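Only one structure is covered here, and it is reproduced in the block below.
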């Protein structure tokens, strides 16, 4: 699915305004929710893979990201801000080759008033959790995918990746979590049908246990065993391999496990390890 190198140069505003910086060329990627966690790791992984990376998020200005990643501050709960992200990409690059929907507010405020409410039964869930998972997650991915499709369909080229998880297939944590992930997978399946005539694949991708900032902190208290975990950058490496697969259309609409894809393509994590591919039984 790799598009031809258009040899465009980054505007100086994207290269720290220093004349003489080597400009980046290559395929253009947008990673939503790139401020931290999995989204940040994906952005880093794609940058290392040669993409011209845009990252969006509410706190993207404070994110620990290299200068080569173009930061676009955006609250994806606000449609006008989301539209502004795509307008910036259109005006600066013209095209978009890859969209990775990773924006997600479902892990915020997991502890409230001293109680761990994230795992509460559905009738005791605070309303903000629906907003964080369904609006900041599923709806944001839908709106971003619609903008991306308008840029990709005229060229019959592009890839959309939706980050999802096993909660789509069994109860994990809470009911809203399952609803959100199941909706993401169904959205992937149906978008794939409508984008098939334009040769644009849509994939749901499941990470394993990712060493995000919050997971590493929790592991210090014994909550997680990190021996088989994945770095956040690992997912970016896997997405890079998928993007470059000439047969990716054969997988459109499918749910893929990142570690299984990595083994298929020989992708290793940043420490040289090969994380195990989790199954539903493992979960």
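Would you mind stating whether residue 176 is surrounded by 20 or more Cβ atoms within 10 Å (Cβ to Cβ), in contact (Cβ under 8 Å) with a residue 12 or more places away in the chain and assigned to a strand (DSSP E or B)? Considered against the rule, which asks whether it is surrounded by 20 or more Cβ atoms within 10 Å (Cβ to Cβ), in contact (Cβ under 8 Å) with a residue 12 or more places away in the chain and assigned to a strand (DSSP E or B), residue 176 comes out as no. Taken over segment 194-231, residues that are more than 21 Å from the chain's Cα centre (by Cα) and either touching a residue at least 60 places away in the same chain (Cβ under 8 Å) or not in a helix (DSSP H, G or I) (or both) amount to 6.
Would you tally the residues in segment 237-278 being part of a loop (DSSP other than H, G, I, E, B) and touching a strand residue (DSSP E or B) at 6+ places or on another chain (Cβ under 8 Å)? Before you say what the answer is, go through the steps one by one.
Filtering segment 237-278 for residues part of a loop (DSSP other than H, G, I, E, B) gives 244-247, 252-254, 266-278.
Remaining after also requiring touching a strand residue (DSSP E or B) at 6+ places or on another chain (Cβ under 8 Å): 252-254, 269, 275, 277-278.
Counting residues in segment 237-278 that are part of a loop (DSSP other than H, G, I, E, B) and touching a strand residue (DSSP E or B) at 6+ places or on another chain (Cβ under 8 Å) gives 7.
Would you check if residue 120 is farther than 29 Å from residue 247 by Cβ, at pLDDT 95 or above and surrounded by 15 or more Cβ atoms within 10 Å (Cβ to Cβ)? Taking the combined requirement at face value, the residue does not satisfy it. Note on segment 232-260: residues that are touching a residue at least 24 places away in the same chain (Cβ under 8 Å) and within 19 Å of residue 282 (Cα to Cα) total 5. Do you know which of the residues in segment 126-168 that are in contact with a helix residue (DSSP H, G or I) (Cβ under 6 Å, 6 or more places away or on another chain) and assigned to a loop (DSSP other than H, G, I, E, B) is surrounded by the fewest Cβ atoms within 10 Å (Cβ to Cβ)? Among them, the one singled out is 156. The condition (being closer than 20 Å to residue 233 by Cα, more than 15 Å from the chain's Cα centre (by Cα) and assigned to a loop (DSSP other than H, G, I, E, B)) is satisfied by just one residue among 65, 77: 65. Number of residues in segment 86-125 that are part of a helix (DSSP H, G or I), without any contact (Cβ under 8 Å) to a residue 60 or more places away in the chain and closer than 30 Å to residue 151 by Cα: the value is 3.
Answer yes or no as to whether residue 240 is at pLDDT 95 or above and surrounded by 15 or more Cβ atoms within 10 Å (Cβ to Cβ).
Answer is yes for this residue.
The values are calculated or read from the model by the stated rules, or taken from the named source; none is laboratory data. Computed from a predicted model, the values in this text were never measured in an experiment. A quick note on method: Cβ atoms are made from the backbone with ideal geometry, for glycine too, and the neighbour counts reach across all protein chains shown.
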